[in-house]
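The values are calculated or read from the model by the stated rules, or taken from the named source; none is laboratory data. Nothing here was measured: the structure is a model prediction, and the numbers come from that model. Positions of Cβ are generated from backbone atoms using ideal geometry, with glycine treated the same way; all protein chains shown enter the neighbour counts.
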Amino acid sequence: MEKTYQGACHCGRVRFELTADIDHVRVCDCSICRKRGALIHRVPEDAVRLLTPLGDMTRYEWGSGTAKDYFCPACGILPFRRPSMPTREELEDGKAPFTGWAVNVRCLDGFDIFDAEERRIHRTDTDVADILPESRGL
Ligand SMILES: [Zn+2]
């Protein structure tokens, strides 16, 4: 069921609202997710309402340079990110670019992380083309 959540980093400097039906969370083993440990749910652009301007956050880009990870500059928590664009091979295979937000559900007030269905995203080799078939399109 769709619900509106209040989201924030640890210190509260970054705040946002999310309206979504969070029926699963993504647990990914790519190089950055392994270290960060975020639980991600992807939503369309308009599901997130930013209460803190993106310019007040720290942005980290790596790998293909197409993903954008937004951090609180004070406490270092990542509330959301822009996922990377598909590789050329994936675009040729017809995969549409994802244009929304990947939200870290650990930052949502009132969301029970132990109650969420986990979907494992296998990207250990960091190459987007290596996503296992059952993980595609999640
Ligand atoms: Zn903070």
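Okay, here's what the table says:
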{"quantity": "Any hit, the stretch 78-99, residues being within 14 Å of the ligand (Cβ to nearest atom), more than 15 Å from the chain's Cα centre (by Cα) and in a loop (DSSP other than H, G, I, E, B)", "calculated": "no"}
{"quantity": "Some residue of the stretch 11-18 being more than 14 Å from the ligand (Cβ to nearest atom) and either in contact with an Asp or Glu (Cβ under 8 Å, 6 or more places away or on another chain) or at pLDDT 95 or above (or both)", "calculated": "yes"}
{"quantity": "Options THR52, THR4, THR66: the member that is in a loop (DSSP other than H, G, I, E, B), of a type outside the set (A, V, I, L, M) and more than 16 Å from the ligand (Cβ to nearest atom)", "calculated": "THR66"}
{"quantity": "Hits in the stretch 27-42 - residues which are part of a strand (DSSP E or B) and either aromatic (Phe, Trp, Tyr) or buried (at least 20 other Cβ atoms within 10 Å of the Cβ) (or both)", "calculated": "CYS28, ILE40, HIS41"}
{"quantity": "Selected residue [of a type in the set (Gly, Ala, Ser), touching a helix residue (DSSP H, G or I) at 6+ places or on another chain (Cβ under 6 Å) and within 22 Å of ASP115 (Cα to Cα)] from ALA47, ALA20", "calculated": "ALA20"}
{"quantity": "Residue count for the stretch 11-23, restricted to those that are in contact (Cβ under 8 Å) with a residue 40 or more places away in the chain and surrounded by 14 or more Cβ atoms within 10 Å (Cβ to Cβ)", "calculated": "6"}
{"quantity": "Search result, residues across the stretch 7-26 that are outside any strand (DSSP E or B) and either more than 15 Å from the chain's Cα centre (by Cα) or closer than 20 Å to THR99 by Cα (or both)", "calculated": "HIS10, CYS11, GLY12, ARG13, VAL14, ASP21, ILE22, ASP23, HIS24"}
{"quantity": "Complete set of residues in the stretch 70-100 that are touching a helix residue (DSSP H, G or I) at 6+ places or on another chain (Cβ under 7 Å) and surrounded by 12 or more Cβ atoms within 10 Å (Cβ to Cβ)", "calculated": "TYR70, ILE77, LEU78, PRO79, SER84, PRO86, THR87, GLU90, GLY100"}
